[in-house]
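**Student:** Before anything else, here's the structure in question.
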Amino acid sequence: MLDPRVTATVKNLADIHLQLKPGTDAAVLNAMIKVIMDEGLENEQFIKARTVDYEGLKAFVSNIDLEEVQKITSVPLDKIRASAAAFAKAAKGCILYDEGITQHITGSDNIKLLANLVLLTGHIGKPGTGVNPMRGQISGEGSGDMGCVNVFYPGFRRVNKETAEHFQRLWGVENLPSNPGKTFMDIINTCKVIYMVGVNPMISAPDSNNVRKSLEGLDFLVVQDIFMTETAELADVVLPAATWVEREGTHTGIDRRVYKINKIVEPPGQAKQDWWITMNIAKQMGFSDKFNYNSSKDIFEEIRTCIPQYAGISYERLDKTIGGIHWPCPSEGHPGTPTMFTEKFNTPDGKGHFQSVEYKPPAESSDREYPFILTTGRVIFHYHTGSMTRRTDNLYSEAPEAFIQIHPEDARELKISNGEKAIVRSRRGRLEIKTRISPDIIRGVVFIPFHFGKTNANILTNPAFDPACKMPEFKVCAVNIEKGDEK
Amino acid sequence: MKTGELYIGISSEKQIAEKAEAGGVVTSLLKFALKSKVVDTVVAVKKGKNRYEGILSFITEPEEVEECTGSFHFATPGIAKNVKKYLDTYNKKIAVVCKSCDARALIELAKIGQVNIENILMIGINCSGTLAPVPHISMLRESGTDPYKLIYEDIDGDKLILKFDGAMEKIFSLNELEEKGLGRRRNCQRCEYPIPQMADLACGKWGLNGERGTFIELCSTKGKKLFENAVSEEVVEIKAASKEQIKRRKQEEAKKVDFAKTRQKADFTTPEDKFYWLSQMQACIKCYGCRDVCPLCHCKRCVLERDLPETVEKGVIPPPPTFGMIRLFHVACYCVNCGQCEDVCSADIPVSALGHYLNKNATELFDYESGVSMDVRLPLSAVPEAERANKSTELKAIKR
């Protein structure tokens, strides 16, 4: 397990815990790749048959100084060697990852290295292997499939002139964009009118003080959500949406499994299903002929025509198939595809390409003024910005407020005792927060969960982003800490 | 008729007798109980979309009872808990189709006033054990069989018999499956009550050796009365069970009890590592699943929702190991080894084994067997004379 903290998962499941300094993932991964190559543990057969650029990677990796890696990352070399060997020698090696490794300015680099690891060891294209993002939302995969990403139209077709024309023909419209749209933070910082659906950037976006400035400066803000979130409080118009038990539709899980959810209760008050709301806004804009659905099933039928991977899936099939259907499912008779890349990859030549990636440190390092590294994340009792879990009594009572997790030695030097208030400052903002002293985190690093409105970790975080995808570096920024005032 | 007598019966309603898995006696008795207003509601399991989906149903229309015919070995709804939660047995009369664990749980609940046993007619069903659906669906799929074509399953001794649409049949050895972690739920493997004699009637087919019909034992006055009336109203046709059939039934029971005892020995042995249970509890994520499904949990305000440092501390994962164990201590005397807690545990902790183990210890210490009779009083609330006469401070088992 690669994690700066000893989490519940580490305690229960980890055979080896690589407790690294936040932001040094690429160094650890490059070291693991080097170890596998040095010890001859790579899968020669797989590399020969299904990859290219192995020699390039070998040359790059030969320059890595493992002692230096140990210094940079704080991970003992013997643990790096042991994990590399264990992964390479496993009958089935599987990588599960998520925001811990992607929410960095080198997030996409980190993923390239994970890809290198599975190509090197042949642990991909077979059941129980691969590089697998866990995702934050139940249908995060589904949203991506539908094209809710700035660089894709539905079905992962790249945004360009050709794709625009394809969908213009399909939908009978004109002037679809041929250029990629804006990413999340760009929308918040540069747009003047924003229509938000199920997102709470006041808590989830980095550098909350600036987010507030941006949102308060909008000409018009519409928020569609199931509860009055911190962001909805700033909206000009709030459109109440129905929750998952109050609607019929599908979710697509991280394993590309499409499954059906059914309506169990009526939505309260004026809350409506998301599609109904969007459809009626479109009708108000004069597009009744294009937005003319009677049910979510109508929309799903359209999805089948737009997204070839979904073409063989239907509500009827989903109702009969327990556990859903994995896309790609190109036709009605097709059983679905639980494992992808069994024969070739989605590259022009069908091969896996090794990519050499240098380690780059995070945007902000600790220094005299801000001597601690803050990393943010989650606690098991809350989900994301807490809009649902902070309204659930049992969960709220477990964790009603944020805390800052500090190593006992650091706490002693700061003269802060457990449960005392601390004042935490970064270049972006200031937070007054309760301490939780714990040996589960490394010295010099502190942790704050981001689920809370009043003690909002993102007031402190750095909006610096990965140039490839603009993912903000939530996981690393520099802070200073001092004892709070006695009150 | 007298309590304790055994009969072989078959439904007098021809369509039921033919359609039913074993002659439809239970179906007909339940219909009769509703029609003659002996009960207002029948609690039974309906088949869902397939053999893996059992839907616990509260039925008031006699005809609807026919949708519950058959034993669904892959469906294990928490019957006692739902009866306690959703039915007012102080004001309504119900009939419940139950396995021994369900009947025993209802009896324990009745002892603490959570249900009214006077208004519960328990039609007990012999049980060889139930199976978790998901691992077996996977097993069948991996062996190239469509699991959803299953139309019938049965357990006969060591054999798990699966019949599929298209006249295909597969037979597995339970022993072999259970060595691999498949087969019956672990608590079922430890169960020493295959025949539910604590219910009002105990129905099954052991001893019949393939003969069509149902063996019925009249376990209580209430059960005998219903049965007598059903027979005189010609709802079921009966004949007396032969000595040979009764003997075979007893032998089948004995075999299962012996097997259960060896499983108990295996599951209850304290491992070398005396901190085994403490480390098992490390996986707990406070989902409250075990507490929510346990039929015997009944406190209005549950101690597990409090914030007590080092015992049920809030905001900490894993919680102190006492979090998972407190419930087991609280229900130790009552635990009926229903296995629901282990079924729902998000962290795959074998809590049912620990609960059952504690119950066995309590049984020995207090000479108390849970769920076998209303007349066996709760050890912590009923003090027998012998115990009152004990002037010493030594804790030793006193015969009740």
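The values are calculated or read from the model by the stated rules, or taken from the named source; none is laboratory data. This structure is a prediction, so every number in the text was calculated from the model and none was measured. When we count neighbours, we look across all protein chains shown, and the Cβ atoms used for this are built from the backbone with ideal geometry, even at glycine.
**Student:** For the range B:208-251, give me each residue that is among the basic types (Lys, Arg) and either assigned to a loop (DSSP other than H, G, I, E, B) or in contact with a helix residue (DSSP H, G or I) (Cβ under 6 Å, 6 or more places away or on another chain) (or both).
**Tutor:** B:ARG212, the sole residue that qualifies.
**Student:** May I ask you to verify whether A:SER387 is among the hydroxyl-bearing types (Ser, Thr, Tyr) and under 25 Å from A:PRO4 (Cα atoms)?
**Tutor:** Considered against the rule, which asks whether it is among the hydroxyl-bearing types (Ser, Thr, Tyr) and under 25 Å from A:PRO4 (Cα atoms), A:SER387 comes out as no.
**Student:** Separate question: Can you name the number of the only condition in (1) under 20 Å from the mean Cα position of the chain (by Cα); (2) free of Cβ contacts under 8 Å to residues at least 24 places away in the same chain; (3) in a helix (DSSP H, G or I) that B:GLU18 fails?
**Tutor:** (1)
**Student:** Please specify each residue of the range B:126-135 satisfying the condition of being away from chain A (no Cβ under 13 Å) and over 25 Å from B:CYS203 (Cα atoms).
**Tutor:** Matches in the range B:126-135: B:PRO135 only.
**Student:** Hey, another quick one. Assess whether A:THR121 counts as being out of contact with any Leu (no Cβ under 6 Å at 6 or more places or on another chain) and within 15 Å of A:GLN355 (Cα to Cα).
**Tutor:** It is true that A:THR121 is out of contact with any Leu (no Cβ under 6 Å at 6 or more places or on another chain) and within 15 Å of A:GLN355 (Cα to Cα).
**Student:** Taking the condition within 14 Å of chain B (Cβ to nearest Cβ), part of a helix (DSSP H, G or I), out of contact with any Asp or Glu (no Cβ under 6 Å at 6 or more places or on another chain) and of a type outside the set (Val, Ile, Thr), does A:LYS11 pass?
**Tutor:** yes
**Student:** Within the range B:313-357, take every residue that is part of a helix (DSSP H, G or I), aliphatic (A, V, I, L, M) and touching a Cys at 6+ places or on another chain (Cβ under 7 Å) and give me the one that is surrounded by the most Cβ atoms within 10 Å (Cβ to Cβ).
**Tutor:** B:VAL351
**Student:** A further question follows. Tell me which of these A:PHE381 doesn't satisfy, since it passes every other one: (1) more than 10 Å from chain B (Cβ to nearest Cβ); (2) touching an Asp or Glu at 6+ places or on another chain (Cβ under 6 Å); (3) surrounded by 20 or more Cβ atoms within 10 Å (Cβ to Cβ).
**Tutor:** If we test A:PHE381 against (1) more than 10 Å from chain B (Cβ to nearest Cβ); (2) touching an Asp or Glu at 6+ places or on another chain (Cβ under 6 Å); (3) surrounded by 20 or more Cβ atoms within 10 Å (Cβ to Cβ), just (1) comes out false.
**Student:** Does any residue of the range B:259-273 turn out to be part of a loop (DSSP other than H, G, I, E, B), of a type in the set (Asp, Glu) and either touching a residue at least 60 places away in the same chain (Cβ under 8 Å) or farther than 21 Å from B:ASP102 by Cβ (or both)?
**Tutor:** The answer is yes, given that some residue of the range B:259-273 is part of a loop (DSSP other than H, G, I, E, B), of a type in the set (Asp, Glu) and either touching a residue at least 60 places away in the same chain (Cβ under 8 Å) or farther than 21 Å from B:ASP102 by Cβ (or both).
**Student:** Which of the following residues is out of contact with any strand residue (DSSP E or B) (no Cβ under 6 Å at 6 or more places or on another chain) and more than 10 Å from every other protein chain (Cβ to nearest Cβ): B:PRO309, B:PRO318?
**Tutor:** On inspection, the qualifying residue turns out to be B:PRO309.
**Student:** What's the number of the only condition in (1) assigned to a helix (DSSP H, G or I); (2) crowded, with 19+ Cβ neighbours inside 10 Å that A:ILE124 fails to meet?
**Tutor:** A:ILE124 satisfies all of (1) assigned to a helix (DSSP H, G or I); (2) crowded, with 19+ Cβ neighbours inside 10 Å except (1).
**Student:** So is B:LEU30 closer than 26 Å to B:CYS297 by Cα, more than 14 Å from chain A (Cβ to nearest Cβ) and buried (at least 24 other Cβ atoms within 10 Å of the Cβ) or not?
**Tutor:** No.
**Student:** Looking at (1) surrounded by 13 or more Cβ atoms within 10 Å (Cβ to Cβ); (2) without any contact (Cβ under 8 Å) to a residue 12 or more places away in the chain; (3) among the aliphatic types (A, V, I, L, M), which is the only condition A:ALA242 fails?
**Tutor:** Failing condition for A:ALA242: (2).
**Student:** Restricting to the range B:274-302, give me the number of residues that are free of Cβ contacts under 8 Å to residues at least 12 places away in the same chain, within 14 Å of chain A (Cβ to nearest Cβ) and part of a loop (DSSP other than H, G, I, E, B).
**Tutor:** Total satisfying the criteria: 2.
**Student:** Further, regarding this structure: Please go through the range B:45-62 and pick out each residue that is in contact (Cβ under 8 Å) with a residue 24 or more places away in the chain, out of contact with any Ser or Thr (no Cβ under 6 Å at 6 or more places or on another chain) and away from chain A (no Cβ under 14 Å).
**Tutor:** B:VAL45, B:LYS47, B:LEU56, B:ILE59, B:GLU61, B:PRO62
**Student:** Scan the range B:303-312 and tell me whether some residue there is surrounded by 15 or more Cβ atoms within 10 Å (Cβ to Cβ), in a loop (DSSP other than H, G, I, E, B) and within 26 Å of the chain's Cα centre (by Cα).
**Tutor:** no
**Student:** List every residue pair whose Cβ atoms sit under 9 Å apart, with the two residues 6 or more apart in sequence or on different chains, where the first one lies in the range A:262-281 and is part of a helix (DSSP H, G or I) and the second, anywhere, is of a type in the set (Lys, Arg) and modelled with pLDDT of 95 or more.
**Tutor:** A:ASN280/A:LYS272
**Student:** Regarding the range A:356-378, can at least one residue be identified that is among the polar types (S, T, N, Q), within 26 Å of A:ARG256 (Cα to Cα), surrounded by 15 or more Cβ atoms within 10 Å (Cβ to Cβ) and in contact with a helix residue (DSSP H, G or I) (Cβ under 9 Å, 6 or more places away or on another chain)?
**Tutor:** no
**Student:** Right, another one. Between a residue in the range B:104-125 that is part of a loop (DSSP other than H, G, I, E, B) and any residue that is surrounded by fewer than 24 Cβ atoms within 10 Å (Cβ to Cβ), which pairs come within a Cβ distance under 6 Å, given they are 6 or more apart or on different chains?
**Tutor:** B:GLN114/B:LYS84; B:GLN114/B:HIS298; B:VAL115/B:LYS84; B:VAL115/B:THR89; B:ASN116/B:THR89; B:ASN116/B:TYR90
**Student:** Provide a single number: the residues in the range B:323-359 that are touching a residue at least 40 places away in the same chain (Cβ under 8 Å) and more than 14 Å from chain A (Cβ to nearest Cβ).
**Tutor:** Residues meeting the conditions: 19.
**Student:** Now a separate question. Here is a list: A:ALA411, A:ALA422, A:ALA399. Which entry is out of contact with any Leu (no Cβ under 7 Å at 6 or more places or on another chain), surrounded by 15 or more Cβ atoms within 10 Å (Cβ to Cβ) and within 12 Å of chain B (Cβ to nearest Cβ)?
**Tutor:** Step by step, each of A:ALA411, A:ALA422, A:ALA399 is checked, and only A:ALA399 is out of contact with any Leu (no Cβ under 7 Å at 6 or more places or on another chain), surrounded by 15 or more Cβ atoms within 10 Å (Cβ to Cβ) and within 12 Å of chain B (Cβ to nearest Cβ).
**Student:** May I ask you to verify whether B:LEU365 is away from every other protein chain (no Cβ under 14 Å) and farther than 30 Å from B:LEU87 by Cβ?
**Tutor:** Yes; evaluated as a whole, the condition is true for this residue.
**Student:** Is it the case that some residue within the range B:109-118 is surrounded by fewer than 21 Cβ atoms within 10 Å (Cβ to Cβ), modelled with pLDDT of 95 or more and within 28 Å of B:ILE238 (Cα to Cα)?
**Tutor:** Yes, the conditions are met somewhere in the range B:109-118.
**Student:** What pairs can you find where one residue is in the range B:364-378 and assigned to a helix (DSSP H, G or I) and crowded, with 18+ Cβ neighbours inside 10 Å, the other is among the small types (Gly, Ala, Ser) and at pLDDT below 95, and their Cβ atoms are less than 9 Å apart, with a gap of 6+ or different chains?
**Tutor:** Every condition considered, the pairs that remain are B:PHE366/B:ALA397.
**Student:** Filter the range A:62-89 for residues that are without any contact (Cβ under 8 Å) to a residue 40 or more places away in the chain and either in contact with a Ser or Thr (Cβ under 8 Å, 6 or more places away or on another chain) or hydroxyl-bearing (Ser, Thr, Tyr) (or both) and give the result.
**Tutor:** A:SER62
**Student:** Kindly list the number of the only condition in (1) out of contact with any helix residue (DSSP H, G or I) (no Cβ under 8 Å at 6 or more places or on another chain); (2) part of a loop (DSSP other than H, G, I, E, B) that fails for B:GLU64.
**Tutor:** (2)
**Student:** Considering only the range B:232-253, state which residues are farther than 21 Å from B:GLU211 by Cα and either small (Gly, Ala, Ser) or surrounded by 14 or more Cβ atoms within 10 Å (Cβ to Cβ) (or both).
**Tutor:** Correct list: B:SER232 only.
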